[in-house]
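What follows is calculated from the coordinates using simple rules that are stated; it is not laboratory data. Keep in mind that this is a model prediction, so the values were computed, not measured. Here Cβ is always computed from backbone atoms with ideal geometry, including for glycine, and neighbour counts include all displayed protein chains.
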Amino acid sequence: MKIARFRNIVLPAVTAFWVFSATAQTERSISLSEAMQMAIKNSGALHIANAQVQEAVAASKQAKDNRLPDLKVSASYLRLNSPDVTLKVKLGSSNSKGNPVSVSEASYALGNLSVPVFGGFRIKYGIESAQLLEAAARLDVEQQKEAILQNAVDGYEILFKAQKTVELLRENLKSQEQRVSDFTNLQNNGVLALNDLLKAKLQKSNIELTLMDAESNLRMTRVNMCLLLGLPENTVLTTDSSIFKFKTEVGSVADWEQTAFRNRKDMASLMQREKASEVAIKAAKGEYYPGLAVTGGYIAANVPGLLTVSNAVNVGIGLQYNVSSLWKTPAKIESAKARLIEIQANQSILSDGVRLQINQAYEAYMLAVKKIDVFVLAIDQAEENYRISKNKYDNKLLTLTELIDAEVALLQTRINHAEAKADAYAAYKKLQTTAGVLLDEK
């Protein structure tokens, strides 16, 4: 009675829980183009890169602001301790006869305006350098976008392969279940040996275990993809296999190298930084020159009982030269030159790296295309082999083990063919990324 009551209470609750869990998962079919757009939108790394661009824009604006006038205003009010003040010079007042003057407070206000005219080209080169670094930061963002898009392509490929593997295994499992059912009937009627039935059941168990691993891998792949795209991690993503098309004629390696040298954002970014370093050398040399500015000022002061100053306006030209720049500037110039040499060395390393990456990506793509041709032929061979094996088994000329081997070979070949198509597509996208043109065909 207690057991029956337990079942009546617990089993409906468990069933409701699993139904709720199933409905909580949202199934969504997503195209590669949509996945790439969502990856761009939700990338934290890209947000950081955009923030660095904003920082570079602000630095460029600060450099331009150095051309603007400097205006400083100050004012003070002072309480004094009643000092004795004796004027030694007649100023024409009744109290200017050398008599002590009592002063207990004072106030004054100053205003100074300075408009730079010449600063040893430091302002000019500072603006130019900041603008070049801003351009380099923007190119870094483009480079980051291509890396994010490539991650989306790779993730989509892995998801497709995991999904396709599960589909093929489920189809095969249905065949195994049907075989076990047929063999069970035959064995019950005394037509089939128990040993063959056990082999069929063993093969079904093996496929079930393989399917369990594949489904687990698919679930984790979906979680990773959801995190990459900014989706709830319980979203059941499905892919579109129709996008896995590839080109057989893609040009030569030399063509792709030239394309990379024209379009790689990291190479263009280094070029901008090289120009900025050259400008930085000129700016450092500007330390040798004096600074020239137009100046103006206003002074007002009031010392009760002593003096009042108002409308004291001055205009002039100010010249400033830091003599220590004669022995301090050479070190700054050498430091700027060292940075230029470092960037040029990085350019040389990157140039060699691009050539190597292009060759690797090109070879990987051509190999992937060739594998597809091999797997297409392999499928035909595996299907024919299975057909012949099935006929021989039906005519008692082949053992069940040999038939199962032919069946497994056909299943594996189909999986390999599906994966090869995805690999070829991803390899072509990798070639585009390496050449810096993935964004153009997003």
| Ellipticity estimate at 222 nm from DSSP helix runs (n ≥ 4, -39,500 (n - 2.57)) divided over the chain, nearest 500 | -24500 deg cm²/dmol
| query | Using alpha-carbon positions, what is the distance between the centroids of region 397-442 and region 193-211, in Å? | reply | 27 Å
| query | What pairs in K199/K371; K41/K245; K201/K371; K61/K282; K145/K245 have C-alpha atoms more than 30 Å from each other? | reply | K199/K371; K201/K371
| request: Treating cross-link reach as a plain straight distance, find the aspartates and glutamates whose alpha-carbon is under 17 Å from the alpha-carbon of K161, omitting any fewer than eight places away in the same chain. | output: E171, D213, E215, D240, E419, D423
| query | Ranked highest first by average number of other Cβ atoms within 10 Å, how do 278-284, 423-429 line up? | reply | 423-429, 278-284
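If you take every residue apart from N234 with its C-beta less than 12 Å away from the C-beta of N234, what net charge results, scoring Lys and Arg +1 and Asp and Glu -1?
Taking every Cβ under 12 Å from that of N234, the sum is +1.
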| said: Just want the ordering: L68, L186, L46, from fewest to most Cβ atoms lying within 10 Å of their own Cβ. | reply: L68, L186, L46
| request: Could you tell me how many degrees, from 0 to 90 and to the nearest 10, lie between the Cα long axis of helix 325-394 and the main elongation axis, the longest principal axis, of the Cα atoms of the chain? | output: 10 degrees
